[in-house]
1. Looking only at the stretch 70-93, which residues have a backbone nitrogen under 12 Å from a spot 7 Å from the Cα of residue 119 in the C-beta direction?
2. Straight distance only, please: which lysines reach the Cα of residue 87 with their own Cα at less than 20 Å, same-chain residues fewer than 8 apart left out?
3. Once the other residues with Cβ under 13 Å from the Cβ of residue 101 are scored (Lys, Arg +1; Asp, Glu -1), what is the net sum?
4. In a solvent-free Debye calculation with one equal scatterer on each Cα, what is log10 I(q)/I(0) for the chain at q = 0.17 Å⁻¹, listed in the order of the q values?
5. Going by accessible area, probe 1.4 Å, with all protein chains left in place, what is the ranking of 67, 27, largest first?
6. Hey, rough spin-label estimate for residue 3 and residue 65, points 7 angstrom out along Cα→Cβ, what's it come to in nanometres?
Amino acid sequence: QVQLVESGGGSVQAGGSLTLSCTASGRTFSTHAIAWFRQAPGKEREFVAAIDRSGGHRYYVDSVKGRFTISRDNAKNLVSLQMNSLKPEDTAVYYCAGAFAIGLPTTPRQYNYWGQGTQVTVSS
């Protein structure tokens, strides 16, 4: 079993940067693909980025390509999401999620473990 805790959210102005962290407990972290999802008020949970269990493959939703970077350190049970050039439309609660998978799942139902979420607010 994997337990996930997000941190690093906050409020920034458009064009600013934030780094989100997802810290995991459990010895099986390295066997899980990890993703970030986000959910804005009144909207469905949206896939943002995923990284496979080795860290060798990444996938991003088009709207964040070139601005966000996902990375992981299996020795530290840590996944990070570096977010640059933030826009007001990036405002949401961000969740990290874990899936016991070889590839890069992109839908919420494919993920078994979820953190509690961290708020990101980008003002114009």
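1. 92-93
2. List returned: 43, 65.
3. That sum, taken over residues with Cβ under 13 Å, equals +1.
4. Per q value, in the given order, log10 I(q)/I(0) is -0.76.
5. On the way: 67 30, 27 235 Å².
Result of the area sort, largest leading: 27, 67.
6. 3.8 nm
The values are calculated or read from the model by the stated rules, or taken from the named source; none is laboratory data. What you see is a predicted model; the values in this text were computed from it and never measured. Cβ atoms come from the backbone with ideal geometry, glycine included; neighbour counts cover every protein chain shown. Surface accessibility is based on the protein's heavy atoms, side chains included, excluding ligands, DNA and RNA. Shrake-Rupley method; radii C 1.70, N 1.55, O 1.52, S 1.80 Å.
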